[in-house]
1. Can you tell me which residue within the range 230-244, out of those that are part of a helix (DSSP H, G or I) and out of contact with any Phe, Trp or Tyr (no Cβ under 9 Å at 6 or more places or on another chain), is nearest to VAL265 (Cα to Cα)?
2. Tell me which of these GLY211 doesn't satisfy, since it passes every other one: (1) in contact with a Ser or Thr (Cβ under 7 Å, 6 or more places away or on another chain); (2) part of a strand (DSSP E or B).
3. Name, by its number, the condition in (1) more than 18 Å from PRO105 (Cα to Cα); (2) loosely packed, with under 14 Cβ neighbours inside 10 Å that does not hold for CYS261.
4. What are the residues in the range 231-245 that are of a type in the set (Val, Ile, Thr) and either out of contact with any helix residue (DSSP H, G or I) (no Cβ under 7 Å at 6 or more places or on another chain) or within 14 Å of ASP162 (Cα to Cα) (or both), if any?
5. Give the residues of the range 168-188 that are under 29 Å from ASP224 (Cα atoms) and out of contact with any Asp or Glu (no Cβ under 6 Å at 6 or more places or on another chain), sorted by residue number.
6. For residues that are in contact (Cβ under 8 Å) with a residue 12 or more places away in the chain, farther than 15 Å from VAL118 by Cβ and of a type outside the set (Gly, Ala, Ser), scanning just the range 234-258, find the one that is most open to solvent (accessible area, probe 1.4 Å).
7. List the number of the failed condition for ALA159; all other conditions in (1) open to solvent by 60 Å² or more (accessible area, probe 1.4 Å); (2) closer than 20 Å to LEU200 by Cβ; (3) at pLDDT 95 or above hold.
8. Do we have SER183 as part of a helix (DSSP H, G or I), among the polar types (S, T, N, Q) and surrounded by fewer than 14 Cβ atoms within 10 Å (Cβ to Cβ) here?
Amino acid sequence: MVRVFDADRQDWAGPEEEQQIVVDQRRDEVRQRQALRGTVAVLAVCSLAFGTWALGWKDEPGPQGYFTARETPAPGQSGETNGDPSGGTDTGDPASPSQTATLPPEYEPVQDEEGFRVAVKEDWVANRQTSDSLHGFDVVNYRSTDGSRRLQIYEVLEASPDDSLQEFVSAGTAKPDGFEQLSLESLEDGGRPAARLEYLADSLKGEEEIGTWHVVDHRFESLDGKLYAITVYGPESDGFDDERQVLETALTWFCPPAMVCPEPVTE
């Protein structure tokens, strides 16, 4: 008979004790196998749960507003739409109308061959003429079909708009027949210097005989730092408003050569 060593007592057991120890050992073996199977089952369930979570995590979207070097947004874009479903920036006033200036009826913007942009009456565009200039690009004239009205654009030689017009009205400069100065004032165009002269003349060299002419001569510094003149001619008989509207529209839409100008906006 095989004797059994009682590990708890650190001694060899007697016959009755040996039988009890054997029973206890077998019972412990059964319990250990059951515990092992339980542990394996728990580990299997945990592994399955972790695998399911890991697969679901892979499909979750990345954090909003974060960009790696390869995902850097283009200028003007961001990680958040700020309430705009198109991805743009919310201006905070979605109901505000466009501020782009509207051309008066019968006008159209023109990109002139000399490089500048201006707005001209539609039926004047086909009647464009140029003449040589002592400074800058050629003198450009847009005329009405009957020749009674004209828009003129050229580059100014003098140091300032005031200097240029003072030179014109000075005693040493020849004037049109019947010249009568109505006003001469210093102005500002968007913080840049400008000056305006209004006058009447009985006739203008090379122009139609229409009676008294009304002339508005505006000289100004533009976005490129250069000086330009926009002058409007028309009959005095129908008042002064027509010439002033042609001038103001041309000024609003004027953009000098080799410049990229924003669209004109209303005040």
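The values are calculated or read from the model by the stated rules, or taken from the named source; none is laboratory data. What you see is a predicted model; the values in this text were computed from it and never measured. Every residue, glycine as well, gets a Cβ built from its backbone with ideal geometry; the counts of neighbours run over all protein chains shown. Just the protein is used for accessible areas: all its heavy atoms, side chains included, with ligands, DNA and RNA removed. Shrake-Rupley method; radii C 1.70, N 1.55, O 1.52, S 1.80 Å.
1. Step one: of the range 230-244, the residues part of a helix (DSSP H, G or I) are 236-238, 241-244.
So of that shortlist, the ones also out of contact with any Phe, Trp or Tyr (no Cβ under 9 Å at 6 or more places or on another chain) come out as 237-238, 241-242, 244.
Details: SER237: 32, ASP238: 29, ASP241: 22, ASP242: 22, ARG244: 19 Å.
Checked the range 230-244; the qualifying residue nearest to VAL265 (Cα to Cα) is ARG244.
2. (2)
3. (2)
4. Looking only at the range 231-245, we keep the residues that are of a type in the set (Val, Ile, Thr), and these are 231-232.
Selection gives THR231 alone.
5. As a first pass, look at the range 168-188 and keep what is under 29 Å from ASP224 (Cα atoms): 168-170, 173, 183-188.
Within the range 168-188, PHE168, VAL169, SER170, THR173, LEU184, GLU185, LEU187, GLU188 qualify.
6. ARG244
7. Here ALA159 clears every test but (2).
8. Numbers: part of a helix (DSSP H, G or I): no; among the polar types (S, T, N, Q): yes; surrounded by fewer than 14 Cβ atoms within 10 Å (Cβ to Cβ): yes.
No: the conditions fail for SER183.
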